[in-house]
Each structure stands twice: as C-alpha cells, then as structure tokens.
Amino acid sequence: MRSLLLLVILMVSMTACGKRGPLYYPDMLVPAAPAITSSAQSGSSIKLQFVLPDKDRAGRKLSDLAGVKINKRVSDTTQEQVCSSCMTDFRLFRKLNLGLLPEDAQRYGSSIVVIDGDVNVGKTYSSSVVPFTKDNIDGLASPQVSISPVQPTSPPVLYAESFPTEIRISFVRPQAAGSFIGYNLYRTTQLNVRSYLPVNREPLNGNEYIDSGLERNLGYYYMARTLVKLESGAVVESPVSNVVEGMLKNDE
C-alpha cells in the first residue's frame, strides 16, 4: 500500500500541468534523516536533542512532516561487541506527534529535546530517530547515538537577587567527582514547569550570571545543573538544583 502511494505521488509530479518534471524514485520522496545534535546524561535521565528535517531525500521542501519515532536499544555496558549500524534489538520508545508533544518532550523551533527517564546505571542505551509523514510513511533513520549512564554528580546551590534592569544569579559550586566544566542554567516563567533547553549556549564557569532584557512585572524561575567531565571523557549533567525566583524591581 505504501509503495502504491509513493508511485502515485511520483506519477502526479511528472504529469502535473502537462509538464514532465524531474524523475524521482519513490524512495527519494520520503523525509530526510533528522540530525541528532546531542545525547547526554541529565541527572538520572538521558537527554536526547535532534533537529527535524525540512527536506525530503530529493532535496525538496518537506511540507507533510507529522512526527518522529524514537527507537531505543538496551545492552549491557560490559558487552564487548554491539553492532553500531545494525537496527536489531531496537524497540519503539516514543512516537511523537508534532501537534501534541508529551510532557517529556519540548520543541524549540526545529529542535526537539526528549527526556528518557527509563534508564539504569550499568546499561548502554542507543537511540535512533525516524521521521514520518501525515500518511504515516517513514523517512530515513538518523545515525545511532549511545550513552552509558553513571551515578549523577551533585547540583549547585542557587541564589537570586533582583535589580531594576537585571536579575543576578549566584552559584555555589558542589563537591563533585570528575573535572568541573561549569553550569547549565534553566529559566521559566511558571513555577512548576521545567525547561529542557538552558539559557546559556556555552557552560557557565563563573560564580555569577546576570540575566537582562527581561519583562517587567513578570516573575522568573531559575534552576541549574552542574556539568562535569569524567575520566571516560563523558560529560554528565547533575540533577536539578533548588529553584529561585526573581522579578525586576521598580525604579527607586
């Protein structure tokens, strides 16, 4: 049925308006592969971030992308040989509809961040992302990424101080295993809502962060995670810190 639908699309594209268009094989009319930008440990979970495709395999603009399927494989960390290109033993972990994302997934423009809390120390988790169209036709799978969770490090302690034009966030660095890299700072305007994307593009390695360009009469909630690099080379993000609130003061 899927092959028949692709063949019909191919015939329409060639005969529309009486003009013969470029010849595309049916397997070139499916979505291109998403690009996984990062897969890292965040507290006791795994945070997977990827960019949605905007073109099909033929390079044409993609207009019917409906969602993505995230496939996951679990293996023992001590297992010596696991095929990095095989799709054996992969199981469907999430099927995300772009029109209604679950609580453990957030969209930021063309990027999606997904939190996988169903992980354990001593296991290796491999992920691959497959886009699908409104007609439920699968596109190309992304390359696999793998991560082996460890015991999470300690979070920082936060303090907030408000001023007329800025909010100043102070970090108290924890005692943590591994080489300290810095912090990721997260900000929301709702107390019980967490952001999966930090406000900083690079790790904050100072003891203070000044947040400016904020709206007046609006409360901001901040939380942070410590970033450390382990001997294995893996970068691990700690559990979330305490939550602090700030609001721009009125001019005195």
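Leu185 exposes around 0 Å² of accessible area when a 1.4 Å probe is run over every protein chain in place. Rounded, prolate or oblate: which fits the chain when a ≥ b ≥ c are the square roots of the eigenvalues of the alpha-carbon gyration tensor, with rounded for a/c under 1.5 and prolate only if a/b beats b/c? It comes out oblate by the Cα gyration axes. Helices in the chain, meaning DSSP H runs of at least 4 residues, each add -39500 (n - 2.57). Divided by all residues, the mean residue ellipticity at 222 nm is -2000 deg cm²/dmol. Ranked by the mean number of other Cβ atoms within 10 Å of their residues, highest first, the peptides 193-199, 214-220, 30-36, 50-56 fall in the order 30-36, 50-56, 193-199, 214-220. When +1 charges are put on Lys and Arg Cβ atoms and -1 charges on Asp and Glu Cβ atoms, the dipole computed for the range 161-226 relative to its Cα centre reaches about 200 debye. Straight-distance candidates among the aspartates and glutamates for linking to Lys249, with alpha-carbon spacing under 15 Å and chain neighbours fewer than 8 residues away dropped: Glu161, Glu166, Asp211, Glu215.
When the accessible area of the range 139-203 is computed with all protein chains present and a 1.4 Å probe, what percentage of it is carbon and sulfur?
Taking all protein chains in place, the range 139-203 shows 48 percent carbon and sulfur surface.
Within the range 97-169, the GluC sites (Glu not before Pro) that combine a DSSP coil assignment with at most 10 other C-beta atoms in a 10 angstrom radius are Glu103. The mean sequence distance of close C-alpha pairs (under 8 Å, at least 6 residues apart), as a share of the length of the chain, puts its relative contact order at 19 percent. Net charge dipole, the range 48-189: roughly 260 debye, given to the nearest 20, about the Cα centre with Cβ charges of +1 for Lys and Arg and -1 for Asp and Glu. Spin-label point model (7 Å from Cα, Cβ direction): what's the Ala66 to Val51 distance in nm? In this crude spin-label approximation the distance works out to 2.6 nm.
Could you give the dipole magnitude of the range 103-149 about its Cα centre, charging the beta-carbon of Lys and Arg +1 and that of Asp and Glu -1, in debye to the nearest 20?
Numbers: 3 positive and 6 negative charges, 28 e Å.
It works out to roughly 140 debye.
Return one number: the angle in degrees, 0 to 90 and rounded to the nearest 10, between the long axis of the Cα atoms of helix 2-15 and the longest principal axis of the Cα atoms of the chain. The answer is roughly 70 degrees. Rolling a 1.4 Å probe over the protein heavy atoms gives the chain an accessible area of 57 Å² per residue.
For the pairs Lys47/Lys72; Lys47/Lys229; Lys47/Lys134, note any where the Cα-Cα span goes beyond 18 Å. Each step should come with its number before you reach the end.
On the way: Lys47/Lys72 13 Å; Lys47/Lys229 16 Å; Lys47/Lys134 26 Å.
Violating the 18 Å limit, Cα to Cα: Lys47/Lys134.
The values are calculated or read from the model by the stated rules, or taken from the named source; none is laboratory data. Quantities reported herein were computed from a predicted structural model and do not represent experimental measurements. Virtual Cβ from ideal backbone geometry, glycine too; neighbours counted across all protein chains shown. With ligands, DNA and RNA removed, areas are computed over all heavy atoms of the protein, side chains included. Shrake-Rupley method; radii C 1.70, N 1.55, O 1.52, S 1.80 Å.
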